[in-house]
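What follows is calculated from the coordinates using simple rules that are stated; it is not laboratory data. Please read all numbers here as calculations on a predicted model, not as lab measurements. So basically every Cβ, Gly included, is an ideal-geometry build from the backbone, and we count neighbours across all protein chains shown.
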Amino acid sequence: MTESVAVHLWGNIISSMHNGVIVVNADNRILLMNESAQRLLQVQDDAWVGRSIVQLIPHSKMHEVLSGGESSIGEKMVISGRACMVNRTPLYENGERVGAVAVIQDISEMDHYRSLLQQMESVIEFSTDGLYVVDKDGVTIQVNTAYEEITGFRREELIGRRMKDLISDGYFDQSVSLLVLEKRQRISILQRIGGKKDVIVTGNPVFDKQGELEMIVTSVRDITHLNGLRQELEKARTFSQMQNNRYTIHSGDTEQSFIFHSPPIRKVYEQIQQVAPYPTSILLYGPSGTGKEVLAHLIHDLSERKEKPFIQINCGAIPEPLLESELFGYEPGAFTGASRNGKIGLLELADQGTVMLDEIAELPLALQVKLLRVLQEKQLQRIGGTKPRRLDIRIVAATNQDLRKQIQAGRFREDLFYRLAVVEIAIPSLAERQEDIGPLTDHYFAYFCRQYRIDKQISQETRQVLQNYHWPGNVRELRNLIENMIVSVPSRVIEPVHLPPHIQDRSQPDAGVSLKERVQQFERRLIQEAIGNHQSIRKAAEQLGIDHSTLVKKMQRWEKEKRA
């Protein structure tokens with residue numbers, strides 16, 4: 001076959017091929033080049049005829065095929081700035097190698113789209129939102145890692161399966177993809193996965209150029225943390241609102257410090273130290289004003305729950321019609337007048353913390369039953385709700401009444417009593433712990449002087465009067481008396497005369513004191529008060545309306561009596 005005939009023959013065969021085709025002779029000169037190759041090499045007319053292929057493609061390897069006789073398949077090359085896939089094959093005639101043919105496929109666009117595809121796959125894979133893709137028939141075609149982590153399902157379980165079958169097999173209780181297939185529009189739903197994670201699922205339809213549904217891309221966002229933050233915000237808002245409620249008190253005040261020296265209260269302290277670390281229910285009982293709330297705070301602070309909420313509830317201060325909703329909370333629209341957002345109850349607000357139920361004997365019988373159920377089942381159900389909520393609280397109950405007598409009278413449930421009184425701690429009255437009167441007096445006196453920025457002193461005689469008093473109101477009465485004296489007595493030194501009459505009378509059992517002696521005591525107090533209010537004795541005498549020398553003589557006489 002002559003060279004011209006060969007060129008004509010091959011030209012007819014390959015002229016219509018989409019890929020570029022170049023044929024060279026044994027000398028590596030071009031015999032044939034179709035239009036696709038010409039466009040790729042940007043060669044016009046017949047400028048290529050007879051030229052060496054190396055002139056057009058400097059890094060061509062056609063010479064290797066001509067010399068070695070071996071084909072080269074699928075080699076990637078850059079030709080005229082475009083990525084190409086090249087196949088090279090030797091040509092034989094009558095067993096003699098007479099040339100070679102190269103088929104060139106422009107894959108630059110293919111590489112571009114492949115790169116885009118890889119980028120999109122990376123974006124999908126590293127998205128923090130879970131992504132789930134189904135085709136127009138509801139068959140799963142793509143699942144990313146975030147979706148696996150959120151749901152706990154592996155992509156191998158899902159890809160290639162119809163959504164309806166996955167629902168039948170219990171993977172999902174509902175599918176936003178099927179809803180989008182039906183409605184042909186974006187749809188969002190809230191779901192709970194595995195009973196633990198709250199997610200918002202949004203299905204987005206994808207249409208082709210003809211407007212036909214091609215696939216559905218579903219994004220799944222884990223909002224469990226956001227819901228947790230919302231609940232914490234709601235708790236914080238409720239705590240803030242509680243500051244204005246008369247039946248709740250929060251600790252942290254300096255005057256709530258636990259002060260003691262006497263053996264009876266030391267025994268109480270040691271008992272609290274022993275039981276506080278355990279989540280056991282505790283019943284504090286004793287007269288009013290003995291500091292049961294302070295001891296409840298102490299129990300909380302000595303436990304592992306000290307960083308968690310401490311909620312103090314006075315069962316006798318909340319109106320009975322409101323008590324149930326305050327304790328247990330309610331769902332939106334649970335009753336007429338209920339908040340449309342519902343409300344967290346005080347017990348739920350104290351989850352993982354401590355609840356002090358003060359005046360527990362005042363709790364109505366109907367709510368005693370409900371409280372008992374909470375303690376037994378460790379679950380709480382809001383008013384109007386159907387779903388129980390797990391609850392972990394430690395109960396410290398307090399009362400100034402004999403609950404056993406209340407049980408006999410039918411006013412307190414025996415089963416609740418034994419739930420609350422796992423550990424019973426009796427708090428002695430202040431009259432039973434007289435060694436603590438002095439330290440408590442010093443503590444509250446210093447506290448109120450510091451709080452009101454007043455510099456005052458209390459005389460030794462006044463201390464003795466306070467020590468002898470029987471304190472029926474216990475620590476609360478002592479605290480209130482100290483505050484009263486700090487703010488209401490104008491004298492810098494507080495003397496027995498400044499004390500209320502009932503305290504003076506009760507603290508001085510000797511009724512045989514003569515009128516003259518009482519007048520002398522009163523005179524001494526007036527003089528001491530005047531001296532305390534002035535820098536000099538002369539000015540004190542002027543205030544009293546007596547001569548300076550008379551005042552000096554009286555002071556000298558009292559000093560001699562004191563030494564005697």
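Observations
- Applying 0.36 nm per residue to the separation of HIS18 and ARG161 and subtracting their alpha-carbon distance, the gain on full extension is 47.6 nm.
- Rounded to 5, percent antiparallel among DSSP beta bridges of the chain: 75 percent
- Taken as Cα centroids, the range 172-220 and the range 418-468 sit 68 Å apart, rounded to the nearest whole angstrom.
- Note on HIS59 and GLN376: the extension gain reaches 105.6 nm, defined as 0.36 nm multiplied by sequence separation minus the Cα-Cα distance.
- When every Cα-Cα distance of the range 229-428 is counted in 10 angstrom steps from zero, the calculated P(r) takes the values 8, 36, 37, 16, 3, 0 percent.
- Axis angle, to the nearest 10 degrees, between helix 292-301 and the longest C-alpha principal axis of the chain: 30 degrees.
- Solvent-free Debye scattering, log10 I(q)/I(0), computed from the Cα coordinates of the range 1-143 at q = 0.11 Å⁻¹: -0.53
- Residue (of SER108, HIS18, GLN457) at the positive-pole extreme of the chain, dipole from beta-carbon charges: GLN457
- Ranking PRO309, PHE328, MET356 by Cα position along the charge dipole of the range 294-434, where only Lys, Arg, Asp and Glu carry charges on their C-beta atoms, puts PHE328 farthest toward the positive end.
- 5 Å-binned pair-distance histogram of the range 126-222 (Cα, whole percent): 3, 14, 25, 29, 19, 7, 2, 1, 0
- Charge dipole magnitude, Cβ of K and R +1, D and E -1 - the range 513-564, Cα centre, debye nearest 20: 200 debye
- Placing unit charges on the Cβ atoms only, positive for Lys and Arg and negative for Asp and Glu, gives the chain a dipole magnitude near 2860 debye about its Cα centre.
- Simple point charges give the picture: +1 on the Cβ of Lys and Arg, -1 on the Cβ of Asp and Glu, and for the range 229-428 a dipole about the Cα centre of about 460 debye.
- Sequence-separation-based contact order of the range 3-108, relative, with Cα cut under 8 Å and 6+ spacing, percent: 26 percent
- Protection proxy ranking of 88-98, 352-362, 125-135 - average other beta-carbon atoms within 10 Å, highest first: 352-362, 125-135, 88-98
- Filter on LYS267/LYS306; LYS306/LYS378; LYS136/LYS209; LYS370/LYS405; LYS197/LYS343 - keep pairs with C-alpha separation over 18 Å: LYS267/LYS306; LYS306/LYS378; LYS370/LYS405; LYS197/LYS343
- Using alpha-carbon coordinates, inclination of helix 437-452 to the longest axis of the chain, degrees: 60 degrees
- Taking the average, over residues, of other Cβ atoms within 10 Å as the packing measure, peptides 170-176, 554-560 rank 170-176, 554-560 from highest down.
- Computed Rg/Rh of the chain, alpha carbon atoms with Kirkwood Rh: 1.39
- Distance (nanometres) between label positions extended 7 Å along Cα→Cβ at ASN94 and CYS449: 13.1 nm
- In this calculation the C-beta distance from SER549 to GLN521 is compared with R0 = 22 Å, giving a FRET efficiency of 0.45.
- Taking the C-alpha atoms of the range 429-509, convex hull volume expressed per residue in Å³: 81 Å³
- If both residues of a DSSP beta bridge must be in the range 229-428, then about 15% of such bridges are antiparallel.
- Fully extending the segment from ALA409 to THR280 would add 43.7 nm, taking 0.36 nm per residue of separation and subtracting the current Cα-Cα distance.
- Pair ASP198, ILE141: separation of 7 Å Cα→Cβ label points (nm): 3.4 nm
- Acute angle (nearest 10 degrees) that the helix 474-488 long axis makes with the longest principal axis of the chain, alpha-carbon atoms: 80 degrees
- The chain: relative contact order in percent, alpha carbon pairs under 8 Å with at least 6 residues between: 8 percent
- Relative packing of 149-162, 417-430, which averages over residues the other C-beta atoms within 10 Å, highest first: 417-430, 149-162
- Three-way shape call for the range 284-325 based on the alpha-carbon gyration tensor, with the a/c threshold at 1.5: oblate
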